[in-house]
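A.B. asks: Here it is: the structure, laid out below.
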Amino acid sequence: MKLRALLAIFILASLSFSCSSRDDDGNSATDIDCLNLGTQELDITIQESFTTLPSKVSVFFKVNGSDGSPVAGLTPSNFTIFEQGRNNDCYNEISNSEASGVISPNAQIFSNNTLLVLDLSNSVLSTSLQELKQASSSFISNVMPAISTDSFKMAIYWFDGEDVLHELQPLTTSAAVLQEAIDGITENISNDPSTDLYGAVIKASEIANNIIDTSENEELFAAASVVVFTDGTDQAARYTEQEAVDAVSNADDDISFFTIGLGSEIDEGILSKIG
């Protein structure tokens with residue numbers, strides 16, 4: 001697959017490249033009809049960008065498919081860099097001899113954090129605990145970088161029927177530490193028979209928003225993801241479905257929400273509204 005775009009990026013990474021020294025003011029990056037790229041297959045969202053003189057441009061972005069699902073595994077070869085000079089009617093492709101592009105998780109600039117939120121209510125513990133642990137382990141191994149980096153961290157939280165989002169593992173760069181936390185989950189972790197799903201979503205949203213705010217105060221380009229493993233059933237009724245949906249809708253634009261169904265009674269409607 002060849003991804004052609006003016007400036008593009010793989011989620012949780014930056015694409016940095018050295019530009020030529022030509023005087024390029026250019027027009028809006030959205031005015032690319034002249035390139036005749038054909039049917040759009042991917043949605044590229046540029047979240048932040050900055051320039052380091054004399055000729056380095058870095059972009060923080062994410063790539064989604066036409067169905068909204070994240071696109072992983074992109075490499076520099078998937079991207080083509082274009083520029084438009086002041087006297088050019090359309091964008092021109094930059095040759096490899098003029099510029100080089102790299103995808104780099106720059107810990108000094110970018111911060112990405114994932115909150116893995118696990119439903120450990122009685123309905124899950126009694127019927128789907130092993131399924132939950134296996135799915136969580138698979139998620140960690142597929143999402144955490146093979147080589148740990150300070151720019152990518154994950155934390156694990158869990159909830160039952162209490163009005164509390166319990167912290168199982170604080171943010172860490174270590175996949176091994178996360179796996180150890182998952183392995184330590186037993187049926188005795190909770191004896192609360194209820195499920196405060198909506199409260200967990202609201203609290204996870206607050207935590208993610210605070211992470212974004214803290215990162216931005218430290219002048220980092222930040223993004224966060226909230227991933228909820230649940231069957232989609234709220235039994236505690238402390239908060240309403242609309243309050244949970246509103247928490248997701250009103251969250252920072254750089255926060256993504258995902259729901260993964262597990263258990264024997266998955267409510268796909270609720271999962272779709274939240275994730």
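A.B. asks: Compute the accessible area per residue over the chain, keeping the other protein chains in place, probe 1.4 Å, unit Å². Mind dumping the intermediate values first?
C.D. replies: On the way: 13860 Å² over 275 residues.
I get 50 Å² per residue for the chain.
A.B. asks: For Asn217 and Asn142 in the same chain, what is the full-extension length gain: residue separation times 0.36 nm, less their Cα-Cα distance, in nm? Don't jump to the answer; show the numbers that get you there.
C.D. replies: On the way: separation 75, 0.36 × 75 = 27.00 nm, distance 2.99 nm.
Length difference between fully extended and current span is 24.0 nm.
A.B. asks: What shape does the chain take by its C-alpha gyration tensor, where a ≥ b ≥ c are the square roots of the eigenvalues and a/c under 1.5 counts as rounded, a/b above b/c as prolate, and the rest as oblate? Mind dumping the intermediate values first?
C.D. replies: Details: a/c = 2.49, a/b = 2.17, b/c = 1.15.
Verdict is prolate for the chain.
A.B. asks: Within 10 Å, count the other beta carbons around each residue, average over each peptide in 63-74, 133-144, and list them highest first. Display every interim value, and only then the final one.
C.D. replies: Numbers: 63-74: 12.3, 133-144: 16.0.
Order by mean packing, descending: 133-144, 63-74.
A.B. asks: Using a 1.4 angstrom probe on heavy atoms only, work out the carbon and sulfur share of the accessible area of the stretch 25-177 in %. Before the final figure, lay out the partial values.
C.D. replies: On the way: 3620 of 7960 Å².
Carbon-and-sulfur percentage of accessible area, whole number: 46.
A.B. asks: Also, quick follow-up: Could you work out the longest stretch of the chain that avoids the GluC sites (Glu not before Pro) located in DSSP loops with at most 11 other Cβ atoms within 10 Å? Please list the in-between numbers first.
C.D. replies: Details: sites that count: Glu41, Glu218, Glu219, Glu265.
By the stated rule (loop sites, at most 11 other Cβ atoms within 10 Å), 42-217.
A.B. asks: When the Karplus curve 6.51 cos²θ - 1.76 cosθ + 1.60 is applied with θ = phi - 60°, which whole-Hz ³J(HN,Hα) does each residue of the stretch 225-231 get, with x for Gly and Pro?
C.D. replies: 10, 10, 10, 10, 9, 6, 8
A.B. asks: Could you list which residues have their amide H under 5 Å from that of Ser225, counting only those 5 or more apart in sequence or on another chain, with H placed in the peptide plane?
C.D. replies: So Ser225 has HN proximity to Asn113, Thr114, Leu115, Ser256.
A.B. asks: Would you work out which of Leu37, Asn112, Val245 lies farthest towards the positive end of the dipole of the chain, given +1 charges on the beta-carbon of Lys and Arg and -1 on that of Asp and Glu, about the Cα centre?
C.D. replies: After comparing all options, I get Leu37.
A.B. asks: Okay, moving on. Amide H neighbours of Thr259 under 5 Å, at least 5 residues apart or on other chains, H built in the peptide plane: list them.
C.D. replies: Excluding prolines and chain starts, which carry no amide H, the hits are Val228, Gly275.
A.B. asks: Roll a 1.4 angstrom probe over the protein heavy atoms and tell me the percent of accessible area of the stretch 191-253 that is carbon or sulfur. Before the final figure, lay out each step's value.
C.D. replies: On the way: 1170 of 2850 Å².
Taking all protein chains in place, the stretch 191-253 shows 41 percent carbon and sulfur surface.
A.B. asks: Sticking with this one: Heads up, I need the accessible area for Asp150: 1.4 angstrom probe, whole protein in place, Å², nearest 10.
C.D. replies: Roll a 1.4 Å probe over it and Asp150 shows about 110 Å².
A.B. asks: Provide the per-residue ³J(HN,Hα) series for the stretch 120-126, in order, calculated from phi with Karplus coefficients 6.51, -1.76, 1.60 and θ = phi - 60°, each as a whole number of Hz, with x at glycine and proline positions.
C.D. replies: 10, 6, 4, 5, 8, 4, 7
The values are calculated or read from the model by the stated rules, or taken from the named source; none is laboratory data. Just so it is clear, the model here is predicted, and its values are computed rather than measured. When we count neighbours, we look across all protein chains shown, and the Cβ atoms used for this are built from the backbone with ideal geometry, even at glycine. Keep in mind that these areas ignore ligands, DNA and RNA; they rest on the heavy atoms of the full protein, side chains included. Shrake-Rupley method; radii C 1.70, N 1.55, O 1.52, S 1.80 Å.
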